[in-house]
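Asker: Mind looking over this structure? Questions follow.
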Amino acid sequence: MITAYTDGACKGNGKDDGGRGGFGAYIEFSDGTTLSVWGGEDNTTNNRMELLGAITALEKTPNDVPLTLYTDSSYVQKGITEWIGSWKQRRWKQVKNVDLWQKLDSLSQNRTINWQWIKGHAGHHGNEQADALANLGVTQPAGEKYTHPTSLKLPTHPPMTDTPIATDNTEKQAAAKTHRRYDH
């Protein structure tokens, strides 16, 4: 099972030519590793960035593993789960962001995806990570995608243990002095 959190951001949203936007995807794999992906675009909208966040998550995950995708965009969640069928029946007529919706639809085929809406800015770690990545994307050159793999296997705060530390050659002094150290 893979879990992905996606988000989009746009500075200047609603302007005639759009604004500067960013998207982010924070992906947690079942082996404990994570992948952070972000990027930015010029002359865009928040909805396009939300869609690019979801598209990026699908592009970066294998098709044969079930995926739960969390988005704080009801536009993305409802669009892919409720509205897309009627858009296809109407041959995509009068659908905004049709290029991205068609790409998201294509990437969603033949895989198991559980699309979930999550309240944004509510303190959920994965959503907060995706939000930070999307905001980072706003500051990046347009058209570029950045990735950063991390491992969650290492403890963030390793357990503390009392370990004797020798300051000279005598066993007695070494046993008398202890030092708190982190076990890695």
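Asker: From the backbone phi of the stretch 138-144, what are the Karplus-calculated ³J(HN,Hα) couplings (6.51 cos²θ - 1.76 cosθ + 1.60, θ = phi - 60°) in whole Hz, Gly and Pro given as x?
Answerer: 4, 8, 8, x, 4, x, 9
Asker: What is the extension gain from Val98 to Asp16, computed as 0.36 nm multiplied by their sequence separation minus the C-alpha to C-alpha distance, in nm to one decimal? Please report the intermediate quantities before stating the final value.
Answerer: Numbers: separation 82, 0.36 × 82 = 29.52 nm, distance 1.86 nm.
Stretched fully, the Val98-Asp16 segment lengthens by 27.7 nm.
Asker: Can you tell me how much longer the chain between Ala132 and Thr34 gets when fully stretched, taken as 0.36 nm per residue apart minus their C-alpha distance, in nm with one decimal?
Answerer: This chain segment gains 33.8 nm when fully extended.
Asker: Note the direction-averaged projected area, equal to a quarter of the hull surface, for the Cα convex hull of the stretch 2-153, in nm². It would help to have the intermediate numbers written out before the result.
Answerer: Values: hull surface 35.2 nm².
Answer in nm², one decimal: 8.8.
Asker: Take every DSSP beta bridge whose two residues both sit in the stretch 2-153, then give the antiparallel share in percent to the nearest 5.
Answerer: On the way: 25 of 36 bridges.
Bridges in the stretch 2-153 are about 70 percent antiparallel.
Bear in mind these aren't lab numbers, they're just calculated from the coordinates by the rules spelled out. Keep in mind the model is a prediction, meaning the values are calculated, not measured.
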